[in-house]
Amino acid sequence: MLTLRSSSPFDLFDRLEQQLSQQLQTAERVPAAEVHETPEAYEVVLELPGVDKAAIEVKASERSLLISAERRSQRQLGGQTADAEASRTGNDASEKVRGPLLSEFRYGTWSRSFRFPIAIEREQLQAVYRDGLLTVTAPKANKVSSVTVKVEG
């Protein structure tokens with residue numbers, strides 16, 4: 001049996017908007033990055049607004065860089081938020097702190113990796129976190145190794 005349904009042209013837009021909204025909510029969210037190259041080093045800059053410096057981890061291998069971090073909501077930070085809210089409002093700290101009515105902030109953990117065409121000096125990495133931007137400078141390795149093989153036969 002065939003079922004016919006009457007719909008307006010705008011129903012298609014409503015369904016499309018719902019699907020896009022669901023995809024945006026479930027999509028992996030990673031911070032925006034810029035990668036620069038100079039003759040001496042690679043520089044990776046990531047946007048990390050609201051991330052605590054202690055929650056950032058930078059690891060390096062011979063040719064790659066792995067950066068991971070966690071952004072926690074004020075509610076996840078625990079007792080210090082409740083105490084601060086209680087002192088600000090004059091309420092008892094034992095009262096429950098309410099969450100936001102609307103939140104579009106992104107919380108959670110993530111990691112990003114970057115692979116470079118030339119080896120980097122892992123021992124000389126520098127990471128600076130200022131004004132919500134993490135800048136990691138990875139000097140290029142100066143070692144150029146070549147091997148000469150004697151041909152036998």
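Overview of results
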quantity: Calculated FRET efficiency for the pair Q126/E62, C-beta based, R₀ 25 Å, to 0.05; calculated: 0.90
quantity: Sparse-neighbour loop sites [GluC sites (Glu not before Pro); the range 107-153; at most 10 other C-beta within 10 Å; DSSP]; calculated: E152
quantity: Residue exposure sequence - I67, I56 - by fewest surrounding Cβ within 10 Å; calculated: I56, I67
quantity: E104 versus S21: modelled label distance in nm, points set 7 Å from Cα along the beta carbon direction; calculated: 1.3
quantity: Contour minus Cα-Cα distance for A32 and E47 (0.36 nm per residue); calculated: 4.8 nm
quantity: Likely footprinting exposure, S73, S111, fewest C-beta neighbours within 10 Å first; calculated: S111, S73
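Values in this text are rule-based calculations from the coordinates and carry no lab data. Since we're looking at a predicted model, the values are computed, not measured. Backbone-built Cβ (ideal geometry, glycine too); neighbour counts: all protein chains shown.
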